Amino acid sequence: MSAPSHCQECRQPLLLQLSQQSLLKESYDQLEDLLRSTATGTSHQKLPSLDEHPLYCFGLSGDASQNSQLAERELRVRDLVGGGGDGAAQVQLRYPVCFDCFEQIIQGLDLRIKQKEAERDIYMRGLTKIENKIHKAQTKDDSAFKAELATLTLEEQELDKELALLEQEELQNTQELQRLTKSKQSLAQEEQSFWHDVNHYEKNLLGFQDSLASATSQIESLKHQYDRLKVTNVIGEVFQIGTAEELGTIGGFRLGKLPMTEVKADEINAAMGHSVYLMCVLAHRFGYKLDSKFDIILCGAYCRIALKSSPSQKFELYLTSSNTDRYNTALLYLLDALNSLSQFVDNQYGFLLQKMLSEGEWKVVIGQQKNMGISSDGCIGRVPFRYDPNNLPQWSKANKLYLMKLEHLSMVSVLRDQSEQMQQPY
């Protein structure tokens, strides 16, 4: 294999003398020694420059064909720039190279050696420091270590005690947390129950308020009705008596008739039935018992009356064409019953009339009483209270006075009710 005739770095032609063989071998051996010593870090020798070698024979020439057989073997220089142990890129140079390129390679090796020496010096200084510390530690008295060990032991014991206290405190805190959690759950249940009760109470309260409002409304309505009833003459509303016309009326029925005014017997009997029923109602309101002397049978327009001493003899209080005498007898009994009721009312409530009425009204009542006086001979206001077909105006006047007497008793009943309401307000 022929040796290359150009530099493997700069590609310049080379001139190789015959005396170069020994130089190549010596240079190759020096390079290998230098590389091995650099790797182990034991050599401090500086590599001499090639131009100072006594066998220097490298040079540039335009014809290098004669030296081709002397370069049969190749010079492989590895790791001239990078280290072989740090994984750097390897540089492989083939012999031959020119003097300039070889000088640059040697300079790179020298710089690498200086770096390695600096690293070695740093390593040696650190190693020396560590050895000095180890030596001082070996020569130091053990009493200081024992004292420090005792101190550390005491500190460890104190820390163990604190750790035990902290563990105990942690256990207490855990138990307290569990207790508080249970208490929180209990309070949550109590709160839920409380709000349930509150909602139930509010619901009932709303119901009670509605009931109260309804009851209040009913009370107001009843009070209004009661106030109206207080000033209302119930008897006067039911038994409306009219005495302004020639014929007296009660409940809209005329009691009596005149020669020029024909009134049927049914209307007269209905009016008489109303008047008898009114007298019985007034007697009941005043607490007077008409049945102590008379037995009055109420039957609408066909009422009858009898004495307690002769209960079998009942006289008709209704007018027919064939019972004039019996009808007049019944009128006498009826007038006697009205007279006894009037006397009872005057004795019990005469003072009330004088108290409740004004002076002018009282005088009017006294005058009416005189005009409506009932005598034992069957007259009212000095007018015979009996039916006479030949004297109808007289009988009609007597009926009118009879109705006025009933109206007077009704007025006394109203005054008595008003007096009791004033004494006992609702």
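The values are calculated or read from the model by the stated rules, or taken from the named source; none is laboratory data. This structure is a prediction, so every number in the text was calculated from the model and none was measured. Virtual Cβ from ideal backbone geometry, glycine too; neighbours counted across all protein chains shown.
Would you check if there is a residue in segment 242-251 being within 30 Å of ASP388 (Cβ to Cβ) and exposed (fewer than 10 other Cβ atoms within 10 Å of the Cβ)? Break it down into steps so the answer makes sense when it comes.
Kept after step one, since they are within 30 Å of ASP388 (Cβ to Cβ), are these residues of segment 242-251: 242-251.
Remaining after also requiring exposed (fewer than 10 other Cβ atoms within 10 Å of the Cβ): 244.
Within segment 242-251 (the criterion being within 30 Å of ASP388 (Cβ to Cβ) and exposed (fewer than 10 other Cβ atoms within 10 Å of the Cβ)), the answer is yes, since at least one residue qualifies.
In segment 285-337, what count of residues is obtained for those that are farther than 17 Å from ALA398 by Cα and either β-branched (Val, Ile, Thr) or outside the structural domain of LYS264 (by TED's automatic domain parsing) (or both)?
Residues in segment 285-337 being farther than 17 Å from ALA398 by Cα and either β-branched (Val, Ile, Thr) or outside the structural domain of LYS264 (by TED's automatic domain parsing) (or both): 4 in total.
Please enumerate the residues belonging to segment 288-320 that are touching a residue at least 24 places away in the same chain (Cβ under 8 Å) and within 20 Å of GLY256 (Cβ to Cβ).
Once the filter is applied, which keeps residues that are touching a residue at least 24 places away in the same chain (Cβ under 8 Å) and within 20 Å of GLY256 (Cβ to Cβ), segment 288-320 yields GLY300, ALA301, TYR302, CYS303, ILE305, LEU317, TYR318, LEU319, THR320.
Among residues belonging to segment 87-136 that are in a loop (DSSP other than H, G, I, E, B) and among the aliphatic types (A, V, I, L, M), point out the one that is modelled with the highest pLDDT.
First, pick out the residues of segment 87-136 that are in a loop (DSSP other than H, G, I, E, B): 87-92, 94-98.
Next, from what is left, pick out any that are among the aliphatic types (A, V, I, L, M): 88-89, 91, 97.
On the way: ALA88: 38, ALA89: 40, VAL91: 42, VAL97: 71.
The residue in question is VAL97.
Looking at ARG382, is it free of Cβ contacts under 8 Å to residues at least 24 places away in the same chain, basic (Lys, Arg) and not assigned by TED's automatic domain parsing to the domain that holds TYR226? Steps first, please.
Working: free of Cβ contacts under 8 Å to residues at least 24 places away in the same chain: yes; basic (Lys, Arg): yes; not assigned by TED's automatic domain parsing to the domain that holds TYR226: yes.
For ARG382, the condition - free of Cβ contacts under 8 Å to residues at least 24 places away in the same chain, basic (Lys, Arg) and not assigned by TED's automatic domain parsing to the domain that holds TYR226 - is met.
State whether the residues of segment 265-275 include one that is of a type in the set (A, V, I, L, M), farther than 14 Å from ALA337 by Cα and at pLDDT below 90. Show your work before the answer.
So the first thing to find is which residues in segment 265-275 are of a type in the set (A, V, I, L, M), and the list is 265, 268, 270-272.
Subsequent filtering for residues that are farther than 14 Å from ALA337 by Cα retains 265, 268, 270-272.
From what is left, the residues that are at pLDDT below 90 are 265.
Taking every residue of segment 265-275 in turn, at least one turns out to be of a type in the set (A, V, I, L, M), farther than 14 Å from ALA337 by Cα and at pLDDT below 90.
Quick check on this structure: which one of TYR349, TYR327 is under 18 Å from GLY273 (Cα atoms), among the hydroxyl-bearing types (Ser, Thr, Tyr), surrounded by 15 or more Cβ atoms within 10 Å (Cβ to Cβ) and in contact (Cβ under 8 Å) with a residue 60 or more places away in the chain? Show your work before the answer.
On the way: TYR349 fails: under 18 Å from GLY273 (Cα atoms).
Being under 18 Å from GLY273 (Cα atoms), among the hydroxyl-bearing types (Ser, Thr, Tyr), surrounded by 15 or more Cβ atoms within 10 Å (Cβ to Cβ) and in contact (Cβ under 8 Å) with a residue 60 or more places away in the chain holds for just one of TYR349, TYR327, which is TYR327.
Filter segment 358-377 for residues that are in a loop (DSSP other than H, G, I, E, B) and either crowded, with 16+ Cβ neighbours inside 10 Å or modelled with pLDDT of 85 or more (or both) and give the result. Spell out the reasoning first.
Step one: filter segment 358-377 for residues in a loop (DSSP other than H, G, I, E, B), giving 358, 372-373, 375-377.
Of everything in segment 358-377, just one residue is in a loop (DSSP other than H, G, I, E, B) and either crowded, with 16+ Cβ neighbours inside 10 Å or modelled with pLDDT of 85 or more (or both), namely MET372.
Kindly list, by first and then second residue, each pair from a residue in segment 250-272 that is assigned to a strand (DSSP E or B) to a residue that is of a type in the set (Asp, Glu), limited to pairs with Cβ atoms under 6 Å and residues at least 6 apart or on different chains.
Close Cβ pairs (under 6 Å, with a partner that is of a type in the set (Asp, Glu)) amount to PHE253/GLU267; ARG254/GLU267.
Quick one: in segment 393-408, of everything that is of a type in the set (A, V, I, L, M) and more than 11 Å from GLY236 (Cα to Cα), which residue is surrounded by the fewest Cβ atoms within 10 Å (Cβ to Cβ)? Walk me through it before giving the result.
Let us first name the residues in segment 393-408 that are of a type in the set (A, V, I, L, M), namely 398, 401, 403-404, 406.
Add one more test, that the residue is more than 11 Å from GLY236 (Cα to Cα), and what stays is 398, 401, 403-404.
Details: ALA398: 25, LEU401: 22, LEU403: 23, MET404: 18.
By that ranking, first place goes to MET404.
In the list SER143, SER186, which residue meets the criterion of being surrounded by fewer than 10 Cβ atoms within 10 Å (Cβ to Cβ) and either touching a residue at least 40 places away in the same chain (Cβ under 8 Å) or not charged (D, E, K, R) (or both)?
Criteria check complete, one pass: SER143.
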